[in-house]
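Step one of this worksheet: look at the structure below.
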Amino acid sequence: MRNIVEDVVKLMYPGLLPSVPEAHDCPVCREDVYVYALNRVSPHYVTTLTGEVLSKLEMQADQGRADIAIAIMEGLRAVAAAPRCGRKVATTS
């Protein structure tokens, strides 16, 4: 049993990362963004390869991808604002 939304989040993340310049792509921040996004979208569990393929096709629908993209973008911004990796957040004066 697995949540295929996790796969989709991991696939979409690299394409969205450049749109948030202040985002940091270390392993800690990346995982924090994954967790942030996954906690904000509905899971989609499958147990078979057929179910996985069909569900991934469903996830390609515009609204499903948009919801996931929004959650990732929000995660990138939230994690960049308070990184747990020890990176200093740039402040504006």
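The values are calculated or read from the model by the stated rules, or taken from the named source; none is laboratory data. As the structure is a prediction and not an experimental result, all values here were calculated from the model. For accessibility, only protein heavy atoms count, side chains too; no ligands or nucleic acids. Shrake-Rupley method; radii C 1.70, N 1.55, O 1.52, S 1.80 Å.
For this structure, a couple of remarks:
- Added length on full extension, which subtracts the Cα-Cα distance from 0.36 nm per residue, K10 to C26: 4.3 nm
- Difference of contour (0.36 nm per residue) and Cα-Cα distance, I70 to T47: 5.6 nm
- Of the solvent-accessible surface of the range 1-40, computed with a 1.4 Å probe and all protein chains present, 56% belongs to carbon and sulfur.
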